[in-house]
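Just below is one structure, and these are the notes that go with it.
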Amino acid sequence: MGHPEIDALRLNAVILENFIREIPEPDLQLRRGEGFWTVYEHLHHLALVQPVMFKRLRAFKNEEKPVITPYNPFQDSGSKPSVKRPAADLVRNFREWRDKQLDLILSCDEAIWTRTGIHPEYHSYSFEIVVRHILFHDGTHLYRMEELWLAKEVQP
């Protein structure tokens with residue numbers, strides 16, 4: 001059974017890197033409106049969440065029925081960047097963790113892909129769902145980042 005998600009996860013790291021390279025560093029900080037994250041904050045979040053997702057994947061590989069702790073970036077004190085790391089560092093961090101995720105995913109047999117666990121926020125949770133969740137989470141933030149970058153300033 002093939003898993004096209006693997007190729008997509010690999011490509012998302014390249015897409016993110018190419019996209020961020022296009023944006024001048026000061027423009028990463030533009031806030032398009034109250035309550036909106038900046039492109040930089042989306043990038044920071046993407047880099048920050050990769051180890052969390054790696055731990056979930058590893059739990060599925062190493063445990064028969066892992067119990068997953070929910071992650072809420074708004075409750076995590078490190079979710080809002082207090083020190084602005086260069087965007088290139090965040091992209092590098094994202095890629096390093098994505099490579100670790102991919103290595104782990106590729107080391108798993110089909111039995112692990114169908115292994116289920118318990119996540120208190122979801123009716124169903126499995127290794128395959130975690131992989132797909134990572135992919136969709138990437139896409140959500142990549143889309144929002146591009147939308148913020150391309151949007152013209154709103155005129156009053």
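The values are calculated or read from the model by the stated rules, or taken from the named source; none is laboratory data. These figures come from a predicted structure and were not determined experimentally. In this analysis, Cβ positions are derived from the backbone assuming ideal geometry, glycine residues included, and neighbour counts consider all displayed protein chains.
Miscellaneous remarks
- Candidate set from segment 1-40 (those that are in a helix (DSSP H, G or I) and among the polar types (S, T, N, Q)); member that is surrounded by the fewest Cβ atoms within 10 Å (Cβ to Cβ): 18
- Residue tally, condition without any contact (Cβ under 8 Å) to a residue 60 or more places away in the chain and either of a type in the set (Phe, Trp, Tyr) or not in a helix (DSSP H, G or I) (or both), over segment 41-60: 1
- Output for segment 100-127, where each listed residue is without any contact (Cβ under 8 Å) to a residue 24 or more places away in the chain, among the charged types (D, E, K, R) and not in a loop (DSSP other than H, G, I, E, B): 103
- Within the option set 61, 84, 80, 65, being charged (D, E, K, R), more than 18 Å from the chain's Cα centre (by Cα) and at pLDDT below 95 holds for one residue only, 84.
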